[in-house]
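Just below is one structure, and these are the notes that go with it.
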Amino acid sequence: MLKQRTIGVVLLVWALSLSTAHAYGVEAALGGWQQNPSGDLAYEATNNNDYLDVEDDLDYGDELRIHGRVKIDMPLFFPNIYLVGSPTEFDGTGEKDVAFSFGDEDFDANIPFYSKMTFDQYDVALFYGLPFLRTATLDRLNVDIGLNVRIVDLEAEIRQDASGLREDFSETLAVPQIYLGAQLELLDWLTVEAEGRGISISDSSMYSVIGRLRFNMFGPAFVAAGYRYDKIDVDEDDLDAEFTLQGPFAEVGINF
C-alpha cells in the first residue's frame, strides 16, 4: 500500500511541477469507474483446478473506484504528457468444489475462503498530435499518437480460516504500450473522445479502450461520461492471470 501511495504522489507532484513550469495547456479530471471483473487467476498452477474464476470461485462483483487523469500540453517540440491513475480492489468469500493450490499452499475443497485482489494501474504517456490536422479541420478534429508505460501493482491474498491456510503474493510490472487518442468537437459544448493503449509481448498482452463524451459547462469546467474496457493477459513467472475490467464512468474536470 505504501508503494502504491508513493507512486501516486510522485506522479501528482511531477504533473503539477510540469504544468506550472512549462505547460501552456492542462486538463485534469477526477471521477468514478464502475468496474465489472471477469476472468481467472492462478499462482504457481499445476493443473486446471488451480485456476480461480473471479466471479464464480472468488465471488467478486462490481465495485465503484475513483480514477484521475492529467493531460499536459507542452510547448515547442517537447512531447505532451498524459498521466492516468486507476486503482482497483476486489474482495469476497468464495468456495470451490475441488481442492486447489495457490502458491505453496493446498486449499481444501468445499470450505469457504476469503480472498482480496488489488490491481492498481498507473499510465504515463508521451505523445504528439498529428501536425496540421487540427488546422485542416478548423480545430474540430485532433489525433494523438505516442508511447505509454503502464505501471501495474498486483497483489493477491487467499485465506482459509477453517484450515488455517494463507497465501499471498505481490508483483509490480512496467509494461510499454502504444498510445492512440482522438478528439472530435461536434459542437462548442460537446466533444467525442477515444483512447487506446495496448501491447502484446510473448505470452502476455494488455489493452485498454476508452470512449468518452465531454460536455463543456462554464469557463474551464466540464463533465464527462463514458465506458472503459481493459483486457489483461499476464503470463509472468509463476503468475497466470487472464481477466477483463469494464464498465461506465463519469468525471468532472477543468481545462485551461
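Could you please find all residues in the stretch 23-43 being open to solvent by 30 Å² or more (accessible area, probe 1.4 Å) and not in a strand (DSSP E or B)?
Tyr24
Taking into account only those residues within the stretch 222-236 that are in contact (Cβ under 8 Å) with a residue 24 or more places away in the chain and surrounded by fewer than 16 Cβ atoms within 10 Å (Cβ to Cβ), which is farthest from Asp120 (Cα to Cα)?
For the stretch 222-236, the residue satisfying everything is Val223.
Which ones in the stretch 58-72 are surrounded by fewer than 20 Cβ atoms within 10 Å (Cβ to Cβ), of a type outside the set (A, V, I, L, M) and either free of Cβ contacts under 8 Å to residues at least 40 places away in the same chain or in a strand (DSSP E or B) (or both)?
Asp59, Gly61, Glu63, Arg65, His67, Gly68
Within the group Asp97, Asp106, which residue is open to solvent by 50 Å² or more (accessible area, probe 1.4 Å), in a strand (DSSP E or B) and farther than 30 Å from Ala194 by Cβ?
Asp106
Counting only residues that are more than 17 Å from the chain's Cα centre (by Cα) and open to solvent by 30 Å² or more (accessible area, probe 1.4 Å), which one in the stretch 73-94 is farthest from Gln183 (Cα to Cα)?
If we take residues in the stretch 73-94 being more than 17 Å from the chain's Cα centre (by Cα) and open to solvent by 30 Å² or more (accessible area, probe 1.4 Å), then Thr93 is farthest from Gln183 (Cα to Cα).
Here is a list of conditions, (1) more than 30 Å from Asp50 (Cα to Cα); (2) modelled with pLDDT of 95 or more; (3) of a type outside the set (S, T, N, Q), and Leu245 meets all of them except one; can you say which number that is?
Result: Leu245 passes all but (1).
Can we say Thr20 is over 23 Å from Leu130 (Cα atoms), at pLDDT below 95 and open to solvent by 30 Å² or more (accessible area, probe 1.4 Å)?
Spelling it out, Thr20 is indeed over 23 Å from Leu130 (Cα atoms), at pLDDT below 95 and open to solvent by 30 Å² or more (accessible area, probe 1.4 Å).
Conditions: (1) open to solvent by 60 Å² or more (accessible area, probe 1.4 Å); (2) of a type in the set (D, E, K, R); (3) without any contact (Cβ under 8 Å) to a residue 40 or more places away in the chain. Glu242 meets all but one. Number of the miss?
Among (1) open to solvent by 60 Å² or more (accessible area, probe 1.4 Å); (2) of a type in the set (D, E, K, R); (3) without any contact (Cβ under 8 Å) to a residue 40 or more places away in the chain, the lone unmet condition for Glu242 is (3).
Among the residues of the stretch 188-221, count how many are in a strand (DSSP E or B), open to solvent by 70 Å² or more (accessible area, probe 1.4 Å), aliphatic (A, V, I, L, M) and modelled with pLDDT under 95.
Adding up the residues that qualify gives 1.
The values are calculated or read from the model by the stated rules, or taken from the named source; none is laboratory data. All values reported here derive from a predicted model rather than from experimental measurement. Positions of Cβ are backbone-derived with ideal geometry, glycine not excepted, and every protein chain shown enters the neighbour counts. Accessible surface areas use protein heavy atoms only, side chains included; no ligands, DNA or RNA. Shrake-Rupley method; radii C 1.70, N 1.55, O 1.52, S 1.80 Å.
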